[in-house]
Structure formats: structure tokens, C-alpha cells
Amino acid sequence: MRIVISFSFNSFSNPIVKEFGSERSMRTYVRPGLSFHSKCRRAYNDVIYISKGYGHFDVAKEALSLDCPICQTSSEVAINCGYCDAKVTFTGRTTEGNKRVFSDIASDWKYHTFQEADETNWQYLKVEVERLE
């Protein structure tokens, strides 16, 4: 019997593009590359953005171990992310066994993300985030 440990994260089926608006945490804490969306467990009930930059990431591991950039305490588990000034490729397998790949290039100085509350259960999910040349 095979045991599959799953985690919930965005399904990537509804991409959206946002202007960098007046949200304090977005303006202050989003940097080029990948950022996770979470909520602070201590004092902030709004979405916080935790920038990770460029590289290779295991979403399950990263989403579970995030600290609030404002108060430095452990945040809630992230269920969404976004990116700017980067090329991204998400590769994963859902708990139903479906392989999914999503690629995008964010070269327009806007924040590319996904519709909230559009979750999927994943067996694994990796993301490669590269600088634009």
C-alpha cells in the first residue's frame, strides 16, 4: 500500500496580474523573483508577502517554514505565491496523480499571481525561478 502525503496549495488555473498598489506589505516586501502569500500569526491579519528571490524551491517545504517579514514570527502556512521580474516554471503532481506544469515570464514590472481560494492537493510541487536576461 502506497501512502501519499499531500499538501494544499494554489492550482495555478487562474493566473492574474496586479499592479503594485497601495498595500504596504506588497510595496515593502515584494522583491524580484518568487514571493509567498501568508498571514502573520501574531498581529497582522492581512496578507503578508515573503520574498524568496531566484532559485529552485520545493513549495511544500517553503510554504511550511515562513517568517513574517514585519515581526519575524512564524507565519501561517502559505497557500499561494506570486512573482515579478522573473521566468518561472512550476512542476508538480496532484494527489489524483495528474502531472501539472505551468510556465510564465513576468517582464512587465507587475506582480503575477493566482486567484486566491483556488486550491489543489499536491503530492509534490517544485518551482524554478530564473532572472530575466
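The values are calculated or read from the model by the stated rules, or taken from the named source; none is laboratory data. These figures come from a predicted structure and were not determined experimentally. Please note: Cβ atoms are built from the backbone with ideal geometry, for glycine as well, and neighbour counts cover all protein chains shown.
Summary table below
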| quantity | calculated |
| --- | --- |
| Residue within segment 54-73 that is on the phi > 0 side of the Ramachandran plot, over 15 Å from the mean Cα position of the chain (by Cα) and modelled with pLDDT under 90 present | yes |
| Some residue of segment 86-102 being in contact (Cβ under 8 Å) with a residue 60 or more places away in the chain, in contact with a Ser or Thr (Cβ under 9 Å, 6 or more places away or on another chain) and hydroxyl-bearing (Ser, Thr, Tyr) | yes |
| Matching residues, segment 36-73, being crowded, with 17+ Cβ neighbours inside 10 Å, of a type outside the set (A, V, I, L, M) and under 14 Å from PHE90 (Cβ atoms) | PHE36, LYS52, PHE57, GLU62 |
| Which numbered condition GLU76 misses (of (1) among the charged types (D, E, K, R); (2) under 18 Å from TRP122 (Cβ atoms); (3) modelled with pLDDT of 90 or more) | (3) |
| Residue under evaluation GLN115, criteria (1) over 27 Å from GLU19 (Cβ atoms); (2) touching a strand residue (DSSP E or B) at 6+ places or on another chain (Cβ under 7 Å), criterion not met | (1) |
| Answer from ASN80, ASN121 - the residue that is loosely packed, with under 14 Cβ neighbours inside 10 Å and touching a strand residue (DSSP E or B) at 6+ places or on another chain (Cβ under 7 Å) | ASN121 |
| Every residue from segment 83-118 that is surrounded by fewer than 13 Cβ atoms within 10 Å (Cβ to Cβ) and closer than 24 Å to SER65 by Cβ | ALA117 |
| Tally, over segment 11-45, of residues that are in contact with a Cys (Cβ under 7 Å, 6 or more places away or on another chain), part of a strand (DSSP E or B) and at pLDDT 90 or above | 4 |
